[in-house]
Amino acid sequence: MRDNKFITVDRGGMLTEEQHRKIIKWASICSKHVLSLVKGNIDQRLTLALFVAKEWEEGKIATGEARKASVNAHTIARESSDPVARAVARSVGHAVATAHMADHSIGAALYARRAIKFTGKSEDTERQWQIEQIPREIKSIIITMMEEKEKHFKT
């Protein structure tokens, strides 16, 4: 069952539209932070997906467009043999999927940390950086959900 704090008010939950938009912005920040870890050219579908997330955040496009962009990012992950690129693509896919379901934002952060791990850098440092990026108004719900998801996410 989904956490009511991540379900929008119009669907019977507690999440306001403004909070939802802040959550997708945070998830996108987490993904953008690791995008440069991809060796070679970054697939344009990833940069497009982050653009779509921004457009959704600003109320300029529908959730359906964000879902399509998410599917494309996950396709890139399946096509890649590089674990870093795969984790980055999954992070981006979850960031843009946040438009559809806010709790996907946690996947954006967790996959970003997985990409960091594959490069030999500190996951703890990345986690702390991610927490510092969370807007105050949504910090408690993000951290609570993050701690719950971390228990089940294998890095």
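With the requirement that a residue be farther than 25 Å from residue 136 by Cβ, touching a residue at least 12 places away in the same chain (Cβ under 8 Å) and either in contact with a strand residue (DSSP E or B) (Cβ under 6 Å, 6 or more places away or on another chain) or of a type outside the set (A, V, I, L, M) (or both), what does region 9-46 give you?
Result: 39, 43, 45.
Evaluate the following for residue 110: is it more than 22 Å from residue 2 (Cβ to Cβ) and either at pLDDT 95 or above or in contact with a Gly (Cβ under 7 Å, 6 or more places away or on another chain) (or both)?
Taking the combined requirement at face value, the residue does not satisfy it.
Restricting attention to region 128-155, and to residues there that are assigned to a helix (DSSP H, G or I) and of a type in the set (S, T, N, Q), which single residue is surrounded by the most Cβ atoms within 10 Å (Cβ to Cβ)?
130
How about region 126-143: which of its residues are out of contact with any helix residue (DSSP H, G or I) (no Cβ under 8 Å at 6 or more places or on another chain) and either farther than 16 Å from residue 3 by Cβ or among the hydrophobic types (A, V, I, L, M, F, W, C) (or both)?
128, 132, 136
Report yes if some residue within region 84-91 is in contact (Cβ under 8 Å) with a residue 60 or more places away in the chain, of a type outside the set (Asp, Glu), within 25 Å of residue 55 (Cα to Cα) and in contact with a strand residue (DSSP E or B) (Cβ under 9 Å, 6 or more places away or on another chain); otherwise report no.
No, region 84-91 contains no residue that is in contact (Cβ under 8 Å) with a residue 60 or more places away in the chain, of a type outside the set (Asp, Glu), within 25 Å of residue 55 (Cα to Cα) and in contact with a strand residue (DSSP E or B) (Cβ under 9 Å, 6 or more places away or on another chain).
Out of the residues in region 6-46 meeting the condition of being more than 17 Å from the chain's Cα centre (by Cα) and among the β-branched types (Val, Ile, Thr), tell me which one is surrounded by the fewest Cβ atoms within 10 Å (Cβ to Cβ).
Restricting to residues being more than 17 Å from the chain's Cα centre (by Cα) and among the β-branched types (Val, Ile, Thr), the top hit is 9.
Run residue 74 past the list (1) in contact (Cβ under 8 Å) with a residue 24 or more places away in the chain; (2) in contact with a helix residue (DSSP H, G or I) (Cβ under 7 Å, 6 or more places away or on another chain); (3) under 28 Å from residue 11 (Cα atoms) and report the number of the one that doesn't hold.
(1)
How many residues are within 10 Å of residue 103 (Cα to Cα) and in contact with a Gly (Cβ under 9 Å, 6 or more places away or on another chain) when one looks only at region 5-20?
Matching residues across region 5-20 total 3.
Within region 125-147, can you find the residues that are among the β-branched types (Val, Ile, Thr) and under 16 Å from residue 34 (Cα atoms)?
125, 131
The values are calculated or read from the model by the stated rules, or taken from the named source; none is laboratory data. Predicted model only: the values in this text are computed from it and were never measured. All Cβ positions, glycine included, derive from the backbone under ideal geometry; neighbour counts span all protein chains shown.
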